[in-house]
Amino acid sequence: MRGFVANTDYDWYRFLARRAQEAPLDEVNFWRPSDRATFKALSPGEPFFFRLKHPHNAIAGFGWFARFSILPAWLAWDAFGVENGAESLDAMVERLLMYRRRMGHDDTGRASDFEIGCIIVTQPAFFPESLWVREPADWHQNIVSGRTEVLSSGEGRRIFVECRERAAMLTAAAQSAASAQPSLVGIEPRGERYGPPTLVAPRLGQGAFRIAVLDAYERACAVTQEHSLPVLEAAHIRPFADGGPHDVRNGLALRSDIHRLFDTGYVTVTPDYRFRVSEALYEDFHNGRSYYALDKQRIHLPSELAMQPDRSLLEWHAGTVWRG
């Protein structure tokens, strides 16, 4: 298994580390100021390490790679908010422009529309300075973005084991604090306690779910094929609050008005992937002509079978939510 050690902005780390002290974070967006390079170094479920540059020269946390997507800055903010490592969209854009100037970009236009590379990392752990992990012994300071490490042996394995240990210590400390027991943060790790590195199924948060669904449907409404990104939303077939997972198979990319009708049961998608409109829409509002024109048409599906809606979840929605 591989891991990726990424050069990390100290202000991004510090902002998110403070938030993680208040409450665990489900996900963070490790964004890059340009969309010119994709990220193919990892598969979902492999670890992504946050390495602080000079003068710190240490690994200050890690998480599990979920996906990579190129997004306009405004959508990255809309999806992840402060988990972009900034207190506001303005603050994020200011940092974006600073880095783009350093890279030699001669930017024009609305900065929030600039596309950025978004590496979505789930279940992140941020270490206090006393628990930082020593960077790879053979790390070269001229590495710009980061590098891949093999985790089965050598420095890669050391880093992975030490990061897992420190994350476990923080979890134990948080549990101790919640139960009024002595803190464990000051205790030294007891040595290697982990077997061979294995992939971890990344648990998507709300932001990662939204981006995964929009990407699966090629950023178009499954019903209308509307491509205007500001009105596209990721709908849960079974709501998260009702036990539905943040999983692409529990999602549909829908235009915002159709999403609202879906959530309130005036429309549904059948297990054979047909869009249906309830008679209740006309009965309740004496309108809905534009929606009835779409009734019984087959929705547009993701090309990958593994991304297509779960038929059992569609059955649940049609039987539980739809007003048919």
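The values are calculated or read from the model by the stated rules, or taken from the named source; none is laboratory data. The structure displayed is predicted, hence computed values, not measured ones. Heads up, the Cβs are rebuilt from the backbone with ideal geometry, glycines too, and the neighbour counts pull from every protein chain shown.
Annotations for the structure displayed:
- Applying a threshold of 8 Å to beta carbon distances and a minimum spacing of six or more residues, or different chains, the list of pairs starting in segment 8-37 at a residue that is in the same structural domain as Val82 (by TED's automatic domain parsing) and under 17 Å from Phe65 (Cα atoms) and ending at one that is assigned to a loop (DSSP other than H, G, I, E, B) and charged (D, E, K, R) reads Thr8/Lys53; Asp26/Arg203.
- Scan segment 105-151 for residues that are exposed (fewer than 13 other Cβ atoms within 10 Å of the Cβ), aliphatic (A, V, I, L, M) and in contact (Cβ under 8 Å) with a residue 24 or more places away in the chain and the total you get is 1.
- Hits in segment 8-65 - residues which are closer than 22 Å to Met103 by Cα and not in a loop (DSSP other than H, G, I, E, B): Thr8, Tyr10, Asp11, Trp12, Tyr13, Asn29, Phe30, Trp31, Arg32, Phe50, Arg51, Leu52
Residue by residue, here is whether (1) surrounded by 15 or more Cβ atoms within 10 Å (Cβ to Cβ); (2) not in a strand (DSSP E or B) holds:
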| site | (1), (2) |
| --- | --- |
| Arg219 | yes, yes |
| Glu226 | yes, yes |
| Pro245 | yes, yes |
| Leu254 | yes, no |
| Arg260 | no, yes |
| Thr268 | yes, no |
| Leu281 | yes, yes |
| Asn287 | no, yes |
| Ser290 | no, yes |
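- Boolean, Leu305 is in contact with a Cys (Cβ under 8 Å, 6 or more places away or on another chain), hydrophobic (A, V, I, L, M, F, W, C) and not assigned by TED's automatic domain parsing to the domain that holds Ala66: no
- The single condition among (1) loosely packed, with under 15 Cβ neighbours inside 10 Å; (2) modelled with pLDDT of 95 or more; (3) at positive phi that Ala180 does not satisfy is (2).
- Of the residues making up segment 8-53, those that are surrounded by fewer than 16 Cβ atoms within 10 Å (Cβ to Cβ), of a type outside the set (Gly, Ala, Ser) and more than 18 Å from Trp77 (Cα to Cα) number 10.
- Test: residue in segment 220-228 that is within 17 Å of the chain's Cα centre (by Cα) and in the same structural domain as Asp295 (by TED's automatic domain parsing): no
- Residue within segment 202-215 that is in contact with a Pro (Cβ under 6 Å, 6 or more places away or on another chain), under 23 Å from Asn29 (Cβ atoms) and assigned to a loop (DSSP other than H, G, I, E, B) present: yes
- For segment 99-157, filtered to residues that are in a strand (DSSP E or B) and of a type in the set (Gly, Ala, Ser), the residue that is nearest to Arg203 (Cα to Cα) is Ala125.
- Taking the listed residues Arg203, Arg210, Arg193, the one that is under 30 Å from Asp310 (Cα atoms) and either touching a Cys at 6+ places or on another chain (Cβ under 9 Å) or at pLDDT below 85 (or both) is Arg203, with no other qualifying.
- Selection within segment 309-321 - in contact with a Lys or Arg (Cβ under 7 Å, 6 or more places away or on another chain) and not aliphatic (A, V, I, L, M): Pro309, Asp310, Trp316, His317
- Scanning segment 266-294 for residues that are touching a residue at least 60 places away in the same chain (Cβ under 8 Å) and closer than 15 Å to Gly319 by Cα turns up nothing.
- Scan segment 304-324 for residues that are surrounded by 10 or more Cβ atoms within 10 Å (Cβ to Cβ) and under 30 Å from Arg67 (Cα atoms) and the total you get is 11.
- Residue in segment 73-89 that is more than 17 Å from the chain's Cα centre (by Cα), farther than 30 Å from Glu165 by Cβ, surrounded by 17 or more Cβ atoms within 10 Å (Cβ to Cβ) and in contact (Cβ under 8 Å) with a residue 60 or more places away in the chain present: no
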